[in-house]
Amino acid sequence: MYVEITSKGINITTTDVIGFSKPIDMSPIKDGSGNVSYYQRLTNTDQRAEHWLQRLGAALANYLREYSNIVISKENEVLVDFPEGYVLYQHNKEYKGSAKTRHDRYLFGAYKFRSPKEFEPHLIWLVSGRVNSCECLYCGSGSKGYNKGKRGELTEEKIINTRSKKKLRDEVETNGMESENINKPKFAKTLYRRGEVVMVNLNATGNEQHIKLIRYAADDNDIPILYWPGVILETRKVPITDNISDDTTSINSDDYNVVYKAYYKIHLLELSDIVQVDRKSLLPWLVCRVEIPEGFNKNEELEPNVKTYVRAIDRVNKISHTYTPVCSYKHREAKDSSEKLRLQKYNAILLGTEMIYRNDYIRLTPVDVNEKYNNGQKVPEYLLISNIYQHSTKGIQFTGAGLLRGMLYKGHSKRRTLSDYEWITVNEPGSEYTIDLQDIAGRFYVLFPNLMEKIDWTSPKKLDERFIILGVKWK
Ligand SMILES: [Zn+2]
């Protein structure tokens, strides 16, 4: 292990960077819309850098305790410094004519790492002498072997012998969605995401007209209306003071001590009304999916409002069966010529009404009881996605850790999070599952842990086609 335990913490004694890394352009840049952005170097005594050093120190300490006999006390669970050549920068963006700003921190080194969590696997690979292949997002994770594509089979990770020092250029193709959410999945901490279809409580929009749309069903063949479908156009996190804090607020993982409340700007389908609501007024479509009774569409005597609602629901049902990969980047070609893999990788995919990112915990299609074991190994119920890609013959596939959800820990926080549950990894260390699109059921919501709904994703659509189906103007 390339570490040294000092009285001040953990010292990293190796590096994979020559010289030191910095952004290509440090001076302020003005974009076409007049927004100004610039990088700022953060020193290690800066509170924001300290946060990174603490997070990395804690993760590394856990690793060392498990895989070495190095003794580390609780107080020493911090990095003295980043590995040589690694420097933390803050990217600031000021929007023209608006008080809105963005501040994103990046660790520049062998790659541009976007969070302590993202750098963690690379750091561990570094200190452990670079023996196995690195599991970080940027190193060789694309060079997985292949399997027969059957759900639940393990993919052995191949060790790359000729590790190229060359950085993988992420040729980000934003598909016109320059959303912070899509470009930086890891920072998208709002519960619902831009581009998703959700159900909006008509009592909560603050619009009198919407309350008039609410109706109760006369009988089993009638349609009640309380929630109306809409597309999230924008998510916004607003820092708030403690005294208005409620359980819709959250603490941003990278900006500790600051409490945020998320607001969603939503276009209600068929109504062309845009509303702004918080999380409590929303439900995932799969939680309150509406079925329109057969023959209802043809009923000419329906009230106009109900007709509009039926049309809106119809749009959602159409979108439910589509999928749209977003934010692709080119990856090097696989060496294995017999397989002829040419991987098109994605950072995110819209699956029906939901947006799924890399590093998400997602639900897998439930299997029946006699399939619970495969070759004596438990079949995972969830996948922690590490990659989303287009396979040349097998279509969209996902790789990642296969998980089972264990018990709910007691004394959870006022807002439940993923870490309130015990997650049991099914696969062996160093291997991953490969899952086909058809075996993905949807997002896992901590608020709806027992959601089992699943839709078949059969129809690939481009992003603009998707918004045409929804009847929403996008940018
Ligand atoms: Zn790496």
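Bear in mind that the values in this text are calculations on the coordinates, not laboratory data. None of the values given here were measured: they were computed from a predicted structure. A quick note on method: Cβ atoms are made from the backbone with ideal geometry, for glycine too, and the neighbour counts reach across all protein chains shown.
Miscellaneous remarks
- Reported to the nearest whole Å, the Cα centre-to-centre distance from region 69-129 to region 1-39 is 8.
- Per residue, the average separation of C-alpha pairs within less than 8 Å and at least 6 apart gives region 3-135 a relative contact order of 30 percent.
- Between the residues S68, T101, Y111, the greatest Cα displacement towards the positive end of the dipole of region 62-124, with unit charges on the Cβ of Lys, Arg, Asp and Glu, is found for T101.
- Sorted by Cβ neighbour density within 10 Å, fewest at the top, the residues M1, M199: M1, M199
- Counted by neighbouring Cβ atoms within 10 Å, the residues F296, F467, F113 run from fewest to most as F296, F467, F113.
- Listed residue (T43, A59, V3) projecting farthest to the positive dipole end of region 1-59, Cβ model: T43
- Put in order of Cβ neighbour count within 10 Å, fewest first, the listed residues S27, S128, S281 become S27, S128, S281.
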